[in-house]
Amino acid sequence: MAKRRTKKRTHVGASNPESKATSLGHASTRDPKSMVIRIGAGEVGSNVSQLAKDVRQVMEPGTASRLKERRANRLRDYVTMTGPLGVTHLLLFSRSESGNTNLRVALAPRGPTLHFRVEKYSLCKDVRRAQRHPRGGGNEYITPPLLVMNNFSSPDADANSKVPKHLESLTTTVFQSLFPPINPQKTPLKSIRRVLLLNREPAKDKDDGSFVLNFRHYAITTKAAGVSKPLRRLNAAERLLNTKKTRKGGVPNLGKLEDIADYMIGGDNGDGYMTDGTSGSEMDTDAEVEVLDNAPRKVLSQKARAAALENGAGAGDNNDKVERRAVKLVELGPRMRLRMTKVEEGICSGRVMWHEHIHKSKQEIQELERRWEEKRKEKEARRKQQKENVERKKKEKPSRGANKGDGDDEEDDEMDYDGYGSDLYDELMDEDEVDSEGLAGDAEEAVNAANEDGDWEDDE
């Protein structure tokens with residue numbers, strides 16, 4: 001009879017995984033989550049569909065990268081699932097009847113919603129095709145990108161400007177909340193592998209009320225500064241030989257040379273003198289930074305450290321650990337030029353806070369405020385009536401007795417009062433008010449139709 005196996009492995013649960021994930025640069029449960037959606041999936045076209053996939057890749061890892069849309073899905077369906085899934089942002093791509101590509105950035109579940117018109121865009125595949133040495137497909141998308149925003153706030157802006165000061169602050173807050181915040185003291189440098197650049201184009205004059213953003217996505221690469229190309233190739237070959245993986249062409253061919261000095265000075269063929277300027281490197285154009293070397297070092301005992309300090313040997317330890325590296329940005333794509341057209345409260349169904357083309361007088365604004373106030377009072381009255389009905393049925397239940405049917409009615413009433421299927425939620429997400437297809441605003445954009453230069457899309 002076989003001997004029974006004795007379990008020697010212990011199973012200990014993780015202790016406080018959120019704090020460890022945050023300190024190591026990984027995703028946490030408190031990080032913002034987003035959904036990039038195509039509204040009208042069968043009508044936007046192949047280019048807009050690919051653009052949505054590229055934006056999902058930019059939003060990694062805190063996004064639904066495998067989301068599948070259907071033609072029957074509406075905006076209300078996605079908003080309903082934001083609560084159970086913990087989604088904080090919705091990025092909605094759509095195409096209007098006039099052929100304009102629109103992007104809406106909404107905060108779930110209360111809004112606001114920023115409406116953008118995608119004037120120009122280039123896909124990731126087009127950016128890679130134009131590069132000599134494209135980069136991608138590595139571990140860049142394991143951690144969220146570093147967000148860099150430029151020129152979002154104007155020094156001369158106030159409440160009466162064409163683009164008011166509160167609108168600039170709101171836009172800054174919305175984009176900052178797309179990605180988790182970075183703690184400089186705890187976030188390791190290795191976790192920052194991408195950068196997302198949002199640059200606002202400066203206004204041409206004081207009367208220019210446009211808000212235009214340029215969307216760029218880069219990968220951050222570093223290499224040792226002050227080292228020639230032959231020496232870098234030898235270092236890479238040494239690391240390759242120490243690993244189990246082999247790659248053809250990793251070791252330089254020195255068979256035609258008599259001495260290693262010929263390769264270090266003259267390059268692969270030994271002809272000419274090679275320096276940083278003639279080796280094809282870009283050391284002079286790249287920005288150099290000083291970082292601490294994270295290579296393993298021997299840990300000295302307390303007595304050894306004290307002896308080293310007395311002899312003055314420890315004075316240069318800090319300098320030895322500092323390493324100069326050249327930082328280079330390689331574009332990953334996509335590119336977009338976004339023009340803000342409208343800002344409204346709620347998720348595509350609230351009061352308009354700002355519009356690029358339509359400006360209302362004080363009397364019209366007061367009239368709109370009065371209408372919204374009436375709607376708010378009507379909703380409060382319906383909510384109060386629902387609550388009274390629930391309380392009345394609770395009091396009537398003991399007199400009627402405990403019946404299954406009554407219990408089901410009470411549960412239905414409670415669900416109608418509170419939850420995603422409630423009457424109040426139906427009022428907030430009324431199909432007549434929600435622009436689920438993104439087609440509203442074509443008449444507004446027709447005002448600027450004379451200034452259109454044509455669509456810029458990369459069609460094959």
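The values are calculated or read from the model by the stated rules, or taken from the named source; none is laboratory data. Since this is a predicted model, take the numbers as computed values, not measurements. Counting neighbours? That spans all protein chains shown, and the Cβs are built from the backbone with ideal geometry, glycine included. Areas reflect the complete protein model, heavy atoms only, side chains present, ligands, DNA and RNA absent. Shrake-Rupley method; radii C 1.70, N 1.55, O 1.52, S 1.80 Å.
Looking at the range 162-177, is at least one residue under 30 Å from E356 (Cβ atoms), part of a loop (DSSP other than H, G, I, E, B) and open to solvent by 60 Å² or more (accessible area, probe 1.4 Å)? Scanning the range 162-177 turns up at least one residue that is under 30 Å from E356 (Cβ atoms), part of a loop (DSSP other than H, G, I, E, B) and open to solvent by 60 Å² or more (accessible area, probe 1.4 Å).
Of the residues making up the range 128-155, those that are open to solvent by less than 50 Å² (accessible area, probe 1.4 Å) and either in contact with a helix residue (DSSP H, G or I) (Cβ under 6 Å, 6 or more places away or on another chain) or part of a helix (DSSP H, G or I) (or both) are T143, F152.
Look at the range 71-98 and say how many of its residues are part of a loop (DSSP other than H, G, I, E, B), open to solvent by less than 20 Å² (accessible area, probe 1.4 Å) and either within 11 Å of C348 (Cβ to Cβ) or not aliphatic (A, V, I, L, M) (or both).
The initial filter retains those residues of the range 71-98 that are part of a loop (DSSP other than H, G, I, E, B), namely 71-74, 86-88, 96-98.
Pick out the ones that are also open to solvent by less than 20 Å² (accessible area, probe 1.4 Å) and you get 87, 96.
Retained after the next criterion (residues that are either within 11 Å of C348 (Cβ to Cβ) or not aliphatic (A, V, I, L, M) (or both)): 96.
Selection size over the range 71-98: 1.
Note on the range 327-357: among residues that are β-branched (V, I, T) and in a strand (DSSP E or B), the one that is nearest to S94 (Cα to Cα) is T341.
Determine whether V58 is of a type in the set (A, V, I, L, M) and in contact with a His (Cβ under 6 Å, 6 or more places away or on another chain). Let's see the steps before the verdict.
Numbers: of a type in the set (A, V, I, L, M): yes; in contact with a His (Cβ under 6 Å, 6 or more places away or on another chain): yes.
The answer is yes for V58.
Against the list (1) within 21 Å of P334 (Cα to Cα); (2) touching a Pro at 6+ places or on another chain (Cβ under 6 Å), the condition V55 fails is (2). Restricted to the range 336-357, and to residues that are of a type in the set (K, R) and crowded, with 18+ Cβ neighbours inside 10 Å, which residue is farthest from L167 (Cα to Cα)? Filtering first and then ranking leaves R339.
Tell me, yes or no, whether the range 191-207 has at least one residue that is at pLDDT below 75, open to solvent by less than 80 Å² (accessible area, probe 1.4 Å) and either of a type outside the set (S, T, N, Q) or closer than 30 Å to R337 by Cβ (or both). Don't jump to the end; show me each part of the working.
In the first step, residues of the range 191-207 are kept if they are at pLDDT below 75; the result is 206-207.
Those still in the list that are open to solvent by less than 80 Å² (accessible area, probe 1.4 Å) too: none.
Scanning the range 191-207 turns up no residue that is at pLDDT below 75, open to solvent by less than 80 Å² (accessible area, probe 1.4 Å) and either of a type outside the set (S, T, N, Q) or closer than 30 Å to R337 by Cβ (or both).
For the range 190-211, how many residues meet the condition of being within 14 Å of E140 (Cβ to Cβ) and aliphatic (A, V, I, L, M)? Steps first, answer last, please.
Step one: filter the range 190-211 for residues within 14 Å of E140 (Cβ to Cβ), giving 190-196.
Next, from what is left, pick out any that are aliphatic (A, V, I, L, M): 192, 195-196.
Within the range 190-211, residues that are within 14 Å of E140 (Cβ to Cβ) and aliphatic (A, V, I, L, M) number 3.
Step by step: first the residues of the range 180-189, then only those that are within 12 Å of L146 (Cα to Cα) and in contact (Cβ under 8 Å) with a residue 40 or more places away in the chain, then the one that is most open to solvent (accessible area, probe 1.4 Å). Which residue is that? Checking each candidate, the answer is L189.
Checking the stated criteria, L234 turns out to be part of a helix (DSSP H, G or I) and either crowded, with 18+ Cβ neighbours inside 10 Å or hydrophobic (A, V, I, L, M, F, W, C) (or both).
Just give me the residues in the range 371-422 being under 26 Å from Y78 (Cα atoms) and at pLDDT below 50, in sequence order. E411, D412, D413, E414, M415, D416, Y417, D418, G419, Y420, G421, S422, listed by residue number.
Among the residues of the range 104-121, is there at least one that is assigned to a strand (DSSP E or B), touching a Lys or Arg at 6+ places or on another chain (Cβ under 8 Å), under 21 Å from E331 (Cβ atoms) and free of Cβ contacts under 8 Å to residues at least 60 places away in the same chain? Within the range 104-121 (the criterion being assigned to a strand (DSSP E or B), touching a Lys or Arg at 6+ places or on another chain (Cβ under 8 Å), under 21 Å from E331 (Cβ atoms) and free of Cβ contacts under 8 Å to residues at least 60 places away in the same chain), the answer is no, since none of the residues qualifies.
Restricting I347, I358 to those that are in contact (Cβ under 8 Å) with a residue 24 or more places away in the chain and within 21 Å of the chain's Cα centre (by Cα) reduces the list to I347. Take the conditions (1) in a helix (DSSP H, G or I); (2) among the basic types (K, R); (3) open to solvent by 80 Å² or more (accessible area, probe 1.4 Å); K360 misses just one of them, which is (1). Taken over the range 28-70, the criterion of being in a strand (DSSP E or B), of a type in the set (A, V, I, L, M, F, W, C) and either under 21 Å from Y218 (Cβ atoms) or touching a Ser or Thr at 6+ places or on another chain (Cβ under 6 Å) (or both) is satisfied by V36 alone.
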